Amino acid sequence: MNVNTLKRKFPKKDCPSTPFFVSIAGNIGVGKSMITTMIGEVFGWQMHFEPVINNPYLEDYYKDMNRWSFHLQVYFLSKRFEVQKIILDNPGSAVQDRTIYEDVEIFAPTLHRRGCMDDRDYENYREVFRNMVTFLQPPDLIIYMKCKPETALDRVKQRGRGCETDIPLDFLQDLHLAYEDWIERAPALCPVRTIDTEKINLRDDRQAQTDLLGMIREFHIEKHERNGG
């Protein structure tokens, strides 16, 4: 990925001044961090990544999901709410690796269905989220990156994070089903665009990268014009 070439195609001077907020959604291993980095570097936006490094629960969670699911999900919810506050308090555009809505729509219910989070913890978790909702700023655009669970598992293995080595395929399959259900409802929050990464190679295909960035720029311009820019 040649970011400098893409920067020349999308010079910062052509970027609308109206703040724009993009979230990258998708299963574990689909490639969200790579696309978050590309968008942030090309457009010069704030970048917010999922708290994986120095996460105090992640390694324990993958060893014993039943014991640590609630703790991890509360931690992620807290950190993503913190990002929401940073985005609101700092004028400018931003791109985020995974939305806060995926915590409550994908991961928590999947863990609950799998018996990794009991009813009491699950209802407590959902109550915490409900109390946060009024303070949330939905993204201006969600980009949903999808792939087969088997492909996601291969990509997880390729990136080689030690704590992820034992992620079971059936967990990724359950998450995939939850994503496919949620993404039908997500347009109630904001516009959603889906990219099938089985068919579109955003890592290496320059035209695919250009098309994605161009689509984001079009949404950004539309918002700018709606706001009287």
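The values are calculated or read from the model by the stated rules, or taken from the named source; none is laboratory data. Just so we're clear, the structure is a prediction, and the values are computed from it rather than from any experiment. Neighbour counts run over all protein chains shown; Cβ positions are idealised from the backbone, glycine included.
Here are the numbers for this structure:
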{"item": "Filtered residues of region 158-178 (kept if modelled with pLDDT of 90 or more, surrounded by 12 or more Cβ atoms within 10 Å (Cβ to Cβ) and among the charged types (D, E, K, R))", "result": "ASP174"}
{"item": "Members of region 132-148 found to be in contact with a strand residue (DSSP E or B) (Cβ under 8 Å, 6 or more places away or on another chain) and modelled with pLDDT under 90, listed by number", "result": "GLN137"}
{"item": "Test set (1) in contact with a strand residue (DSSP E or B) (Cβ under 6 Å, 6 or more places away or on another chain); (2) charged (D, E, K, R); (3) at pLDDT 95 or above - ARG113 fails condition number", "result": "(1)"}
{"item": "Condition broken by ILE100, with the remaining ones in (1) touching a Cys at 6+ places or on another chain (Cβ under 9 Å); (2) buried (at least 23 other Cβ atoms within 10 Å of the Cβ) satisfied", "result": "(1)"}
{"item": "Qualifying residue in region 103-110 (condition: among the acidic types (Asp, Glu), touching a residue at least 60 places away in the same chain (Cβ under 8 Å) and in contact with a strand residue (DSSP E or B) (Cβ under 7 Å, 6 or more places away or on another chain))", "result": "no"}
{"item": "Cross-chain or 6+ apart pairs with Cβ under 8 Å, region 30-52 first and farther than 25 Å from LYS13 by Cα, then part of a loop (DSSP other than H, G, I, E, B) and of a type in the set (S, T, N, Q)", "result": "VAL30/THR197; GLY31/THR197"}
{"item": "Those residues of region 196-229 which are without any contact (Cβ under 8 Å) to a residue 60 or more places away in the chain, among the acidic types (Asp, Glu) and under 15 Å from MET34 (Cβ atoms), in sequence order", "result": "ASP205"}
{"item": "Scope region 151-166; condition touching a Phe, Trp or Tyr at 6+ places or on another chain (Cβ under 8 Å) and part of a helix (DSSP H, G or I); matching residues", "result": "CYS163, GLU164"}
{"item": "Of the criteria (1) at pLDDT below 95; (2) part of a helix (DSSP H, G or I); (3) surrounded by 11 or more Cβ atoms within 10 Å (Cβ to Cβ), which one ASP181 fails", "result": "(1)"}
{"item": "Matching residues, region 88-97, being assigned to a helix (DSSP H, G or I) and among the aliphatic types (A, V, I, L, M)", "result": "LEU88"}
{"item": "Cβ pairs under 7 Å, 6+ apart, first in region 120-137 and over 17 Å from PHE70 (Cα atoms), second among the aliphatic types (A, V, I, L, M) and at pLDDT below 95", "result": "LEU136/ILE100; GLN137/ILE87; GLN137/LEU88"}
{"item": "All positions within region 141-150 that are crowded, with 17+ Cβ neighbours inside 10 Å and assigned to a helix (DSSP H, G or I)", "result": "PRO149"}
